[in-house]
Protein chains: 2
Amino acid sequence: MLPKGFRAAGLCAGIKGTEKKDLGLLHADVPANAAGVFTTNRVQAAPVLLDRKRIRSGWCRSIIVNSGNANCCTGPKGMQDAETMTRCTASALGVEAEEVLAASTGVIGEPLPIERIENAIPELVRRLRPEGVLDFAEAILTTDTRPKVVSRKGVLDGVEYAVTGIAKGAGMIHPHMATLLCFVCTDLEAPAKDLHRALFRSVEGSLNRISIDGDMSTNDTVLILANGASGAALAGDVSLEKFQRILDDVLGTLARDLVRDGEGVTKVVEIIVEGALSAEAARRVAETVATSSLVKTALFGEDANWGRILAAVGRAGILVDPEKIDVFFNDVRLVKGGVGCGKTAEAEATRVLRRPEFCLKVSLGQGSAGAAVVTSDLSVDYVKINAHYRS
Amino acid sequence: MLPKGFRAAGLCAGIKGTEKKDLGLLHADVPANAAGVFTTNRVQAAPVLLDRKRIRSGWCRSIIVNSGNANCCTGPKGMQDAETMTRCTASALGVEAEEVLAASTGVIGEPLPIERIENAIPELVRRLRPEGVLDFAEAILTTDTRPKVVSRKGVLDGVEYAVTGIAKGAGMIHPHMATLLCFVCTDLEAPAKDLHRALFRSVEGSLNRISIDGDMSTNDTVLILANGASGAALAGDVSLEKFQRILDDVLGTLARDLVRDGEGVTKVVEIIVEGALSAEAARRVAETVATSSLVKTALFGEDANWGRILAAVGRAGILVDPEKIDVFFNDVRLVKGGVGCGKTAEAEATRVLRRPEFCLKVSLGQGSAGAAVVTSDLSVDYVKINAHYRS
C-alpha cells in the first residue's frame, strides 16, 4: 500500500494508558525531498516548532508520531522531548536527528511520557515494513473511529508512481488547519520547492476547506516526502500539473473522510456558495454558514430551517441583498429571492436532509465567484465526547 | 413596576399555537422621546426595517411585539404585516401609525398569522395597565424559561425617576446583538439624541458583551422610551452621566440574566482578558475564547482543559507570546507562562468549575488593555433544543 522505498510501523507504547497503538514511524529508505504545511495558530506544539525549522533543508528520512499527547504548552521540556523523540529514532535507524521530523496529537498541556517513547522506538524500528501503513495509520488516531489511508497511481513518461496519504482528524477541525496530521509519501522524484507548491495548493482546496467545530489546532502538520524510487520524475509544468491533480485527489478524499469521521458527526454537508462578487466573499459566507451552531444543530435535527442559513449569511460581514438569495438542498430549491418556497419544497428538502451526505447551496445573485466548504452537523454526541475528553 | 405614565399588557393571540402569551404591548400615555439600536445582520426582519425608519423621528408612543414568529425573510408581505400590526395598534389606541414601533421574534421565514394579531389587538389595548409589565415580559419570550424585568430608581435635582428594562434572549445570542429584544422605559425627560448616545454606550458594555452560541439574529431590537412623567429632566453632562450609570446597571443586569437563561445553559462564565496591547485585541481574544465549541463543551463537562483555552487564544488573529500567558479560574492560577501549574491547581480550578457562575481570566502579559465577555457552556440540551426547534 505504500509507494516504493517507504516502510511504516505502529505499536502501543503506553502513552494513552490503554492497549491502543499510540506511536508510529514512517521511513524513507533513501533520503526523500520533503515539504510541509503547519497550523497558523499562534500557540504551536513543540514538534511543530521543530519541524518548521528542520523542513527548511528540503529533505527528510523519517517521521515519528505519537498520539495521546499533543506535547503543546509544555515549556522547554516539551522541546527537549520532541528533540529526544527524533534523536532516539535517528539513532535506531542509523540516520541523523536533523533528518527526522516529529508530530504529536492529543491532550494539550501535559508533559510527554518520553521514557515510554524512548523504550518503544527500537521495537518500532524493527517492525518497519512496506505493509506497515495501517499500523502507522492506527497509531496516529485520537478520537477518530477508523484509520484513513488513500492511495493513487500516476504515470509520467510511461513510468508509474504512487502517492499515499495517511491522516487523522476528529476534533479541532477548521479551515486554516486543524488537529490534523497528514503524511503523504510518493516514489516520484520531485524537487522540494515543487513539492511545497503542490502541497500548499492541494491543502488550500482540501484540508483548508473543511470544518467540524470551528476550532483550530496547535498541532496541525501536513508533510510530503518524495523519494524518487519509482524512477518517474517531475519535469516541467505539464508533469507538475498531472501530479497536482493526483495530490488534489488524495488530499480531497482524505479531507472528506476526516469530516465523515469527525466527532459525533452524523451528516457530511458540502456548503457551496455561488454568485458572489469575489472568491473571498464567497468563502466568508461559506465558512460562516459552515460554523454556525444553529445551522449545524438544525442539520443534526434534519430540520430544513433555512431561516438560520439566511441569518448566518447575513452576519458574514459581506454586503448581500437578501432579496437575491436562493438556497438549495441538492437540487431542491428551498428559498427563492430571500423567501421560502413553501411546504412542498420543505418536505422535499427534508428528504434530502435525511441522507448522510448532501450539498447545501447558497446563491447570492451578485456575481460569478464561488467557494465551497465541507462541514458536519453539531450533535449531542459531539458535546458528550468533548465535555469529558480528558476523563 | 413600570415608570410613571407607562402601561403594558400581554396575552395569547394564538401565534405560537399554544396557550402561551405571544402578543405584548408597551404604551406611553404621553408621547415619549425614543432611540433604538438594531441588529447589524445584513438580513433583517421587516419590523426592524420599519422601526429603523420610524425611530428617526426621535419619538414613539407604543411598541407592539409578537413572539413565535420573527417576520423575517417573508418578502413584501412581511413588511405589509409589520405595518398592519402598527396600524391596528394605532387605531385601537387613537394615535398615529407612525408613532407605533413593532418587534417580532421566533421562527424565521414563515408568514406572520396577521389576522390573529389583528383580532387580538383591541383586547390587548383594553388590558393595558401599569401592572401589566410581567404579562408583557412573558408575551415576548421564545425558548426563554422566565421573564426578565429589571427596575432601578434615580434622582436628579431631588426628583426621583424610574428606569425599567424588559428583555428576552435564549438563542442566537452574540455580541453585536442577538435574537434579543429589549425595551427600556423611563419617566425621565430626556432628548432623543441623549437617549441614543446613552443607549449605544450601555449596549456596548452589556448586550454587546454576551455570547451564547455565536449566532447573530435578524431581529435584534433595543428601544428606549422616555416620557418625562416624573418631572425629572436631563440637564447637562453630570445628569447624563448619572443616568448612564443607572442605564448601564439595568442593561448589564438584563444581559447577565439573558446568559443565565440561555438555551441549555448550565454555566455563566465571564471571560476576562487583560494585559493586551489594545482593547480591540483583548476583545478579539475574549470573543474567540467565549465562542470556542471546545472551550464551551469543556465548561459543560466541568473539565479544566486549559489547553483548549490557549488553543483558542492562539487562533484569535492577535500576535501573542504563548510563554507570557497566564490563565485563572476565579483566583486559581491554572497556567503560568504558557505552562500548566500542575495537579493541585487543576483540582482547585475544577472546584471553581463546579459553580454555576465564575470568571475565566486570560492574562496576555503584553500591555495594559482589557476586555470582558459573558458566555455560557455548550450543553447537550443546547443541541437538543436547537435540533428540533421548529417541530
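Computed quantities for the displayed model
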item	result
Leading residue by the ranking (surrounded by the most Cβ atoms within 10 Å (Cβ to Cβ)) among those in segment B:23-57 that are without any contact (Cβ under 8 Å) to a residue 12 or more places away in the chain and over 15 Å from B:G78 (Cβ atoms)	B:R42
Subset of segment A:297-328 [more than 9 Å from chain B (Cβ to nearest Cβ) and over 23 Å from B:N69 (Cβ atoms)]	A:K324, A:F328
A:A369 at pLDDT 90 or above, among the small types (G, A, S), buried (at least 17 other Cβ atoms within 10 Å of the Cβ) and closer than 21 Å to A:A279 by Cβ	yes
Residue in segment A:330-337 that is within 25 Å of A:R260 (Cα to Cα), within 28 Å of the chain's Cα centre (by Cα) and acidic (D, E) present	no
Candidate set from segment B:95-110 (those that are without any contact (Cβ under 8 Å) to a residue 40 or more places away in the chain and farther than 25 Å from B:K384 by Cβ); member that is farthest from the other protein chains (Cβ to nearest Cβ)	B:V95
Number of the condition not met by A:K343 [criteria: (1) crowded, with 24+ Cβ neighbours inside 10 Å; (2) farther than 30 Å from B:L353 by Cα]	(1)
Filter pass, B:E274 being touching a helix residue (DSSP H, G or I) at 6+ places or on another chain (Cβ under 8 Å), acidic (D, E) and within 14 Å of another protein chain (Cβ to nearest Cβ)	no
So B:C88, is it assigned by TED's automatic domain parsing to the domain that holds B:A167, farther than 27 Å from B:T145 by Cα, touching a helix residue (DSSP H, G or I) at 6+ places or on another chain (Cβ under 8 Å) and of a type outside the set (K, R)	yes
Some residue of segment B:9-21 being in contact (Cβ under 8 Å) with a residue 60 or more places away in the chain, under 21 Å from B:T143 (Cβ atoms) and within 14 Å of chain A (Cβ to nearest Cβ)	no
Sole residue being closer than 30 Å to A:T350 by Cα and surrounded by 20 or more Cβ atoms within 10 Å (Cβ to Cβ), chosen from B:L353, B:L378	B:L378
Extreme residue, farthest from B:L156 (Cα to Cα), among residues of segment B:237-276 that are in contact (Cβ under 8 Å) with a residue 60 or more places away in the chain and small (G, A, S)	B:G264
Restricting segment A:23-73 to residues that are of a type in the set (G, A, S) and more than 29 Å from B:R308 (Cβ to Cβ), the residue that is farthest from the chain's Cα centre (by Cα)	A:S57
Neighbours by Cβ (under 8 Å, 6+ apart or cross-chain): first from segment B:309-330, assigned to a strand (DSSP E or B); second among the hydroxyl-bearing types (S, T, Y)	B:D326/B:S363; B:V327/B:S363; B:F328/B:S363
Candidate set: segment A:193-212, residues that are in a helix (DSSP H, G or I) and among the polar types (S, T, N, Q); chosen: the one modelled with the highest pLDDT	A:S202
Close pairs from segment B:58-82: first under 15 Å from B:E96 (Cα atoms) and touching a residue at least 24 places away in the same chain (Cβ under 8 Å), partner of a type in the set (V, I, T) and assigned to a strand (DSSP E or B), Cβ under 6 Å, at least 6 apart	B:S62/B:V100
Filter result for B:D377 (closer than 16 Å to B:R209 by Cα and either in contact with a strand residue (DSSP E or B) (Cβ under 9 Å, 6 or more places away or on another chain) or in the same structural domain as B:T288 (by TED's automatic domain parsing) (or both))	yes
Verdict on A:R283 being at pLDDT 90 or above, surrounded by fewer than 22 Cβ atoms within 10 Å (Cβ to Cβ) and basic (K, R)	no
B:D303 vs. criteria more than 17 Å from B:N330 (Cα to Cα) and either among the charged types (D, E, K, R) or not assigned by TED's automatic domain parsing to the domain that holds B:Y161 (or both)	no
Leading residue by the ranking (nearest to the other protein chains (Cβ to nearest Cβ)) among those in segment B:26-50 that are under 14 Å from B:I224 (Cα atoms) and of a type in the set (A, V, I, L, M)	B:V37
Residue in segment A:213-236 that is nearest to B:V289 (Cα to Cα), counting only those that are more than 14 Å from every other protein chain (Cβ to nearest Cβ) and modelled with pLDDT under 90	A:T221
Selection within segment B:1-46 - at pLDDT below 95 and among the aromatic types (F, W, Y)	B:F38
Total residues in segment B:331-352, condition in contact with a Lys or Arg (Cβ under 8 Å, 6 or more places away or on another chain) and in a helix (DSSP H, G or I)	1
First in segment A:117-140 and of a type in the set (D, E), second anywhere and assigned to a helix (DSSP H, G or I), Cβ under 6 Å, 6 or more apart	A:E118/A:C88
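The values are calculated or read from the model by the stated rules, or taken from the named source; none is laboratory data. These numbers were taken from a predicted model, which means no experiment stands behind them. Ideal geometry is used to build each Cβ from the backbone, glycine not excepted, and the neighbour counts take in all protein chains shown.
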